[in-house]
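Working notes, beginning with the structure itself.
The numbers here are math on the coordinates, done by the rules we state, and not lab data. Nothing here was measured: the structure is a model prediction, and the numbers come from that model. When we count neighbours, we look across all protein chains shown, and the Cβ atoms used for this are built from the backbone with ideal geometry, even at glycine.
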Ligand SMILES: NC(=O)N[C@@H](CC(=O)O)C(=O)O
Ligand SMILES: [Zn+2]
Ligand SMILES: [Zn+2]
């Protein structure tokens with residue numbers, strides 16, 4: 001295995017130093033390192049961050065390999081600076097057995113671009129009727145710790161309570177897609193004066209907030225860990241803030257698109273802006289930014305949701321919910337949080353690496369860049385800008401809402417256990433032991 005010497009990278013908050021990656025580990029950090037035989041990577045002006053970790057990715061395999069595969073999704077992840085992604089369970093078949101989660105985990109390892117940590121379904125077939133075999137998934141080779149029916153809410157309070165109780169045995173967490181189903185029947189966009197004006201059925205903030213309020217109380221009652229997926233409203237931030245002040249063990253994520261985009265874009269009736277939860281108001285965007293800055297919201301998670309064109313280029317009401325996001329996540333966090341002064345790069349490493357790894361109980365990821373740690377590293381150029389071209393992605397899908405938009409920053413290189421998965425902005429052959 002070739003050693004790599006990252007020459008004059010900007011570590012978090014300090015003078016440029018060299019990082020030597022050897023045998024899968026960070027072997028040395030310091031000025032002007034000498035490393036005969038190592039491949040030198042010019043990192044002048046680049047920020048070195050720990051490899052990013054996504055707690056919420058849809059890889060679509062098995063079942064919708066026309067939209068994404070584990071290979072293409074992890075290639076997209078690598079281009080975005082990720083070294084570990086959690087693969088959501090809403091595949092076909094659903095990831096509700098040890099067999100399916102092991103298959104997804106193994107495909108990630110074989111691909112060699114990004115570790116895949118499967119999420120297990122909470123209920124059999126995401127049907128919301130009986131608990132899936134959570135213990136068997138936890139004990140499998142995949143070592144599942146995150147359980148979610150994402151795409152669908154575990155709306156039955158008794159099932160949710162049982163799931164929260166069950167996962168305590170192996171330090172798992174239930175990640176809830178907070179959407180009260182009756183309040184959102186047929187919903188297409190954020191409920192507001194605009195949804196009335198556009199004649200689209202509204203998805204009210206209370207449908208999200210009511211479930212989060214219920215679930216934090218359930219988590220408190222059973223003494224378990226709860227994670228809130230893609231929180232999107234001011235009220236949700238306030239509920240999580242209150243729950244944390246009470247000592248409830250809750251964590252929350254926000255997506256890059258909910259940090260940047262507002263429901264006003266739906267005026268175009270372009271289904272590229274159709275997503276669940278829906279894009280909200282400018283006031284909600286301000287609230288989720290504040291919540292992320294003050295730590296109420298723990299992490300940024302992409303909710304990368306690939307869909308083929310035929311499922312997006314149709315009438316708004318018929319289109320699929322979701323947008324891709326792995327390759328634009330870091331640029332949008334830079335634009336909305338770093339360039340505005342709301343977060344430092346140290347804090348970005350927390351929200352996009354350390355904390356998601358901790359919530360998912362993933363070993364070997366989300367570690368600080370220090371000697372002896374696994375060499376999972378991303379080199380990011382904060383001074384570059386690029387215009388998003390939908391076809392310029394490793395994803396099989398093209399449903400990005402940022403086409404033609406100029407974003408700051410660019411991932412120059414990603415290293416997975418010391419081997420580059422991306423170099424000079426281009427995918428490599430990946431990691432093959
Ligand atoms: N976010 C979305 O709009 N869609 C997701 C499901 C989900 O995350 O709820 C998908 O699987 O396509
Ligand atoms: Zn969801
Ligand atoms: Zn999702």
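A few points about this structure:
- Rounded FRET efficiency, nearest 0.05, which uses the C-beta distance separating residue 310 from residue 165 and R0 of 35 Å: 0.25
- Rounded if a/c under 1.5, otherwise prolate or oblate - region 51-359, Cα gyration tensor axes: rounded
- Legend: ranking of residues 217, 5 from fewest to most surrounding C-beta atoms inside 10 Å; resulting order 217, 5.
- Cα centroid of region 20-68 to Cα centroid of region 380-433, whole Å: 12 Å
- Estimated Rh, region 103-177: Kirkwood, alpha-carbon pairs, angstrom: 12.7 Å
- Ranking of 405, 239 by count of other Cβ atoms within 10 Å, fewest first: 405, 239
- Compared with the direct C-alpha span, the chain from residue 429 to residue 383 gains 13.8 nm at full extension, assuming 0.36 nm per residue.
- Expected 222 nm ellipticity per residue - DSSP helices of 4 or more, -39500 (n - 2.57), all of the chain, to 500: -7500 deg cm²/dmol
- Relative to the dominant Cα principal axis of the chain, helix 70-79 is inclined by about 60°.
- Angle between the chain longest axis and helix 98-111 axis [Cα atoms, degrees, rounded to 10]: 30 degrees
- Take the Cα of residue 44, step 7 Å toward its Cβ, do the same at residue 157, and the gap between the two points is 6.4 nm.
- Quick note on region 59-133: its Rg to Rh ratio, both from C-alpha atoms and Rh being the Kirkwood radius, is 0.99.
- Residues 21, 369, arranged from fewest to most other Cβ atoms within 10 angstrom of their Cβ, appear as 369, 21.
- A crude spin-label estimate for the pair residue 221 and residue 32, with each label 7 Å from Cα along the Cβ direction, gives 6.6 nm.
- Region 9-166: C-alpha gyration tensor shape, a/c 1.5 cut-off, then a/b vs b/c: prolate
- The distance separating the Cα centre of region 299-324 from that of region 170-188 comes to 18 Å.
- Where only alpha carbons of region 238-393 are counted, the Rg and the Dmax (Å): 17.0, 54
- The stretch between residue 339 and residue 267 holds 23.1 nm of extra length on full extension. This uses 0.36 nm per residue minus the Cα-Cα distance.
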